[in-house]
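Structure first, then comments.
The values are calculated or read from the model by the stated rules, or taken from the named source; none is laboratory data. Computed from a predicted model, the values in this text were never measured in an experiment. Cβ coordinates were reconstructed from backbone atoms using ideal geometry, including for glycine residues, and neighbour counts include every protein chain displayed.
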Amino acid sequence: MDWLDTQRDNFQVLSNFSERLIDGLVTTVQLTVLGGAVAFLVAVVLGLMAGSPSLWLRGPARVLIEFFRGISLLVLLFWLVYVLPIFIIRYDIPIPGPQDHTFAVGVAALGINYGAYAAEAVRASLTTVPKGQWEATTALSMSWQHRMRRIIFPQAWALMIPSLANLWIHLLKGSAIVYILPRVNDLTFELNNLRRPTDIWFSHALVGLITYFLLALVLLFVMQALEARAKYRLGRGPGLREVFSLRLRPVSPDGAGGSAMGEDETVEPKAGARAGGEER
Amino acid sequence: MSTLSTAAVLAQEVDEPTIIDDSGPIFDWGFAVDILPDMLMAFLQVTLVVTLVGTLIAAVLGLVIAILIMVLPGPLAWIVRWAANFIRMTPIVVQLIFLFWTFLWMDPMTIGIIVFGVHYATYMSEVYRAGIESVPKGQWEATTALSMSAMRTWRRVVIPQALRSTVPSLGNYAISMFKDTPFLFVISVAEMVTVAQTIGAQTFRYNEPITIAGLIFLAASYPTAVLINRLEKRLAYAH
């Protein structure tokens with residue numbers, strides 16, 4: 001019982017610092033949302049490039065994807081913070097120094113790294129859109145933008161959401177490492193910082209882990225809702241019942257890597273493959 | 001020797017004017033060759049060891065978790081499943097710091113290996129679960145018809161068939177773990193990227209160590225990924 005009493009005191013101490021913890025939580029959410037937005041942008045651009053038939057688009061996209069997937073997130077962060085400023089100073093490149101905008105560096109690193117993974121998911125789901133759909137758009141002489149926006153992307157979108165959800169959760173988890181940058185005071189930073197004045201750690205870390213877990217669950221629910229909506233708009237979804245189900249999907253760190261995508265998500269829509277683009 | 005203001009990044013003091021040695025080359029090949037042995041040693045002694053032992057733990061423990069979830073009675077299986085979900089959906093960085101400061105008497109590298117092994121075991125358990133579920137129902141029924149014991153059914157019939165398709169996933173997770181090892185930085189394990197950063201802090205030359213670290217990561221992970229991709233295709237055809 002002694003131990004429990006101590007723990008209760010520890011949580012009491014923690015609640016005294018709740019303001020700072022909430023500030024940290026806000027920073028973490030900002031990192032996750034902004035990083036996710038950048039990653040999505042990177043993923044769509046690189047994914048469309050990597051899926052295009054032209055070698056001039058596909059080649060650079062492949063190089064970029066493999067490069068940013070192969071390099072570790074921490075190496076990317078260090079490179080942006082320690083090496084990039086040297087180049088900027090040396091060659092007088094007119095962009096603000098990364099060392100002054102560490103939060104932006106964190107967002108960029110998360111966005112680029114996870115965006116490269118997601119690009120692979122985007123590319124893979126584009127290839128699983130049935131060939132007839134592509135041919136039909138050609139037959140209707142649709143422009144590239146029209147075909148992507150109205151026919152191909154809506155169908156691929158429903159397929160790629162589960163992988164994107166996994167990657168977004170990975171981005172949330174990866175955002176914890178950004179605390180090593182100065183002036184990025186996210187949840188991990190605040191928890192780690194509180195260890196010094198309070199000399200307590202167990203309860204702090206437990207609260208941190210549970211908070212991250214709840215955040216991840218929120219992301220999961222958001223993405224499940226998006227998926228249900230996307231399927232519903234394609235005329236394939238069962239409606240909103242799935243949105244509130246407590247079913248967890250396997251989260252793979254390599255979400256974009258062939259196997260994780262290929263196995264579960266690509267098979268099901270083919271079974272019910274109907275004429276797509278019925279979202280009007 | 002140049003005095004780069006990037007060193008000030010660590011001290012959170014970035015307002016002072018920058019003094020930079022413009023005469024030297026931006027990428028000093030001689031310096032790069034000098035530091036290469038140190039970094040390769042860190043790579044072999046820490047990064048590879050953590051990855052290999054961690055993968056081993058993940059492979060074994062993942063199978064245990066997957067089987068436990070299937071075999072245990074309802075409430076217990078529920079607890080195991082959500083414990084695995086909890087580990088899977090929380091940052092590995094926080095888990096590392098958590099264990100590091102809770103078990104101060106433990107060797108940081110051991111903590112790193114355990115955290116990576118257990119974290120990735122929860123991923124692997126999902127892969128194994130899918131593999132076990134993909135074993136045709138007839139196989140289970142056949143073992144009942146042959147009145148095999150549960151133990152024998154798992155060991156001789158189900159697991160050998162389930163494991164086959166999980167090999168590429170295990171490889172992919174090993175690569176992911178490999179790319180996550182720099183997170184050991186937060187518990188001060190002298191892993192390759194940490195060594196690179198230390199060299200940078202001591203010599204004020206960050207270009208070479210960090211670029212080399214990135215290149216070593218690329219050089220190690222990309223060919224492995226290609227190999228695993230081939231293996232995956234081969235296994236898929238064989239089915």
Please find, among A:164, A:171, the residue that is assigned to a helix (DSSP H, G or I), within 11 Å of chain B (Cβ to nearest Cβ) and crowded, with 22+ Cβ neighbours inside 10 Å. A:171
Residue B:47: passes all of (1) at pLDDT 80 or above; (2) loosely packed, with under 15 Cβ neighbours inside 10 Å but (2)
Name the helices (runs of 4 or more DSSP H) wholly within region A:1-70 that hold at least 1 residues that are out of contact with any Cys (no Cβ under 8 Å at 6 or more places or on another chain) and over 30 Å from residue A:203 (Cβ atoms)? A:18-50, A:55-70
Does residue B:136 fit the bill of being more than 13 Å from chain A (Cβ to nearest Cβ), more than 24 Å from residue B:170 (Cα to Cα) and modelled with pLDDT under 90? no
At the interface with another protein chain (Cβ under 10 Å from one of its Cβ atoms) and either more than 30 Å from residue A:211 (Cα to Cα) or of a type in the set (Val, Ile, Thr) (or both): is that true of residue B:125 in this structure? no
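Would you check which residues across region B:101-110 are closer than 12 Å to residue A:202 by Cβ and more than 7 Å from every other protein chain (Cβ to nearest Cβ) and list them?
Taking region B:101-110 and keeping what is closer than 12 Å to residue A:202 by Cβ, we get B:101-104.
Result: B:103, B:104.
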Among the residues of region A:174-206, how many are of a type in the set (D, E, K, R) and more than 8 Å from every other protein chain (Cβ to nearest Cβ)? 4
When residue A:262 is evaluated against the numbered criteria (1) modelled with pLDDT under 85; (2) part of a helix (DSSP H, G or I); (3) among the small types (Gly, Ala, Ser); (4) buried (at least 17 other Cβ atoms within 10 Å of the Cβ), which criterion, by number, is the only one it fails? (4)
Answer from B:132, B:216 - the residue that is under 16 Å from the mean Cα position of the chain (by Cα), under 26 Å from residue B:53 (Cβ atoms) and of a type outside the set (Phe, Trp, Tyr): B:216
Determine which single condition residue A:96 fails, assuming it passes every other condition in (1) outside any loop (DSSP other than H, G, I, E, B); (2) more than 25 Å from residue A:57 (Cβ to Cβ). (1)
What are the pairs with Cβ atoms under 6 angstrom where one residue, in region A:193-219, is free of Cβ contacts under 8 Å to residues at least 12 places away in the same chain and the other, located anywhere, is not in a helix (DSSP H, G or I)? Sequence gap at least six, or different chains. A:195/A:201; A:209/B:90; A:213/B:89; A:213/B:90
From A:215, A:226, A:209, residue being modelled with pLDDT of 90 or more and within 17 Å of the chain's Cα centre (by Cα): A:215
Suppose the filter is buried (at least 20 other Cβ atoms within 10 Å of the Cβ), β-branched (Val, Ile, Thr), over 21 Å from residue B:63 (Cα atoms) and touching a residue at least 40 places away in the same chain (Cβ under 8 Å); does residue B:92 pass it? no
Failed item in (1) among the small types (Gly, Ala, Ser); (2) more than 14 Å from chain A (Cβ to nearest Cβ); (3) under 15 Å from the mean Cα position of the chain (by Cα), with residue B:74 passing the rest: (3)
Inside region A:50-83, can you point out the residues that are surrounded by 20 or more Cβ atoms within 10 Å (Cβ to Cβ), more than 7 Å from chain B (Cβ to nearest Cβ) and either without any contact (Cβ under 8 Å) to a residue 24 or more places away in the chain or aromatic (Phe, Trp, Tyr) (or both)? A:68
For region B:125-144, does any single residue satisfy the condition of being within 18 Å of residue B:59 (Cα to Cα) and of a type in the set (Phe, Trp, Tyr)? yes
Flag for residue B:79 being more than 19 Å from the chain's Cα centre (by Cα), surrounded by fewer than 17 Cβ atoms within 10 Å (Cβ to Cβ) and over 30 Å from residue B:190 (Cβ atoms): yes
